[in-house]
Amino acid sequence: MSYPETIFRLRDVLRETLAPLLPHGEPYALLDYPAYANVGDSAIWLGALRLLDESGAGEPAYTCTAKTYDATALRQRVGTGPILVTGGGNFGDVYTSSQTLREQVVRDFPENRILQLPQTIRYRREEALAASRRTLEAHRDFTLLTRDEQSLAIAREGLGVRSMLCPDLAFALAPLPRPEPQGHGIVWLLREDGEARTGRLGSDDGVEPVDWPSDPKRGVFAIQRRLRKRVARKPAKRAHLAGLMRRTFTPVARRRVQRGCAMLGAGRAVVTDRLHGHVLSLLMGIPHVVLDNSYGKNRRFYEAWTHDAPNARWCEGPAASCLGLLDEVAPV
């Protein structure tokens, strides 16, 4: 199977899975915009908008970040329409702001249909899992999509909710143009956060690892940042300011993804422990090697969806052991 066949197959699975679940002619909400410098989450957001547009759902009537959620405004704009929550890897007790938002929405809108777009689930504490189950089970129409089999088992057995397997929403963007390589080197995109594995490579190994770039402090990024701060500081003007801020969501997400793709495309190949370093490299046809994150998220996704991609190789060991695999996918 060629790499275009892999990505088009996954795009088709994504469309087929979501087609009966997406809004059809009624106003709807899309929640938890990623107002932070994570290229992968912005790719997911753009993929969701692309898929919704292709399905005929149109633009969402209400959007928000985890910190600008306003139940009154959502109810006024959407009424009894469906509520969608963006996908990613923040379902559980690791990234609390997103989990707090989705559970609050479930409590605030017990009669609306709520669709959680594809997520990886990660709970470290049984009591947090039990608390989430009590909240989600109480809702009359909540559906949870997951990106891997283990998350699916947690959704069904641990949370007791209706759920199904679904690829990552970034595949709705397929394909993406590959930037012109700037050289024959390797781009080492390696995490610097709590999901990083131990034993990272560094300059002592002849490697200069990078992570997703910080957002620029200019242009539409600066406008969004200022509006985000004003929304927090001026409750009386929150509705107006939040409306202005929503107009920056798509432009910022597009620029974020463009900058991430330019980083990945700078060399002849990529080594990454970022899930969307893998996904975006697939979408651009960049040869790459995939490493796991700290708790197995990447391996589970790779086994579920992308193990047959000819331009990707899985590396089980430390990053230093992937050099031979690079020669397979991107010979000099």
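Residues checked against (1) assigned to a helix (DSSP H, G or I); (2) of a type in the set (Val, Ile, Thr); (3) buried (at least 22 other Cβ atoms within 10 Å of the Cβ):
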site: Ile223; (1), (2), (3): yes, yes, no
site: Arg226; (1), (2), (3): yes, no, no
site: Lys229; (1), (2), (3): yes, no, no
site: Lys237; (1), (2), (3): yes, no, no
site: His240; (1), (2), (3): yes, no, no
site: Leu244; (1), (2), (3): yes, no, no
site: Arg254; (1), (2), (3): yes, no, no
site: Val257; (1), (2), (3): yes, yes, yes
site: Tyr295; (1), (2), (3): no, no, no
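Which residue pairs have Cβ atoms under 9 Å apart, sit 6 or more places apart or on different chains, and have a first residue in region 87-116 that is over 25 Å from Lys297 (Cα atoms) and a second that is in a helix (DSSP H, G or I) and among the small types (Gly, Ala, Ser)? What qualifies is Gln104/Ala71; Val105/Ala71; Asp108/Ala71; Phe109/Ala71.
Within the option set Ser42, Ser55, being surrounded by 23 or more Cβ atoms within 10 Å (Cβ to Cβ) and either of a type in the set (Ser, Thr, Tyr) or in contact with a Phe, Trp or Tyr (Cβ under 8 Å, 6 or more places away or on another chain) (or both) holds for one residue only, Ser42. Restricting region 259-293 to residues that are among the basic types (Lys, Arg) and either in a helix (DSSP H, G or I) or at pLDDT 95 or above (or both), which is surrounded by the fewest Cβ atoms within 10 Å (Cβ to Cβ)? Step by step, filter region 259-293, then rank; the result is Arg259.
Applying the set (1) in contact with a helix residue (DSSP H, G or I) (Cβ under 8 Å, 6 or more places away or on another chain); (2) small (Gly, Ala, Ser); (3) assigned to a loop (DSSP other than H, G, I, E, B) to Ala57 leaves exactly one unmet item: (1).
Listed residues Gly56, Gly88, Gly92, Gly79; which is more than 23 Å from the chain's Cα centre (by Cα), at positive phi and either at pLDDT below 95 or not aromatic (Phe, Trp, Tyr) (or both)?
Numbers: Gly56 fails: more than 23 Å from the chain's Cα centre (by Cα); Gly88 fails: more than 23 Å from the chain's Cα centre (by Cα); Gly92 fails: more than 23 Å from the chain's Cα centre (by Cα).
None of the others qualify; the one that does is Gly79.
When region 97-128 is limited to residues that are of a type in the set (Asp, Glu) and exposed (fewer than 14 other Cβ atoms within 10 Å of the Cβ), the one that is farthest from Glu195 (Cα to Cα) turns out to be Glu111.
The values are calculated or read from the model by the stated rules, or taken from the named source; none is laboratory data. As the structure is a computational prediction, the values presented were derived from the model and not from experiment. Glycine gets a Cβ as well: all are built from the backbone with ideal geometry, and neighbour counts include every protein chain shown.
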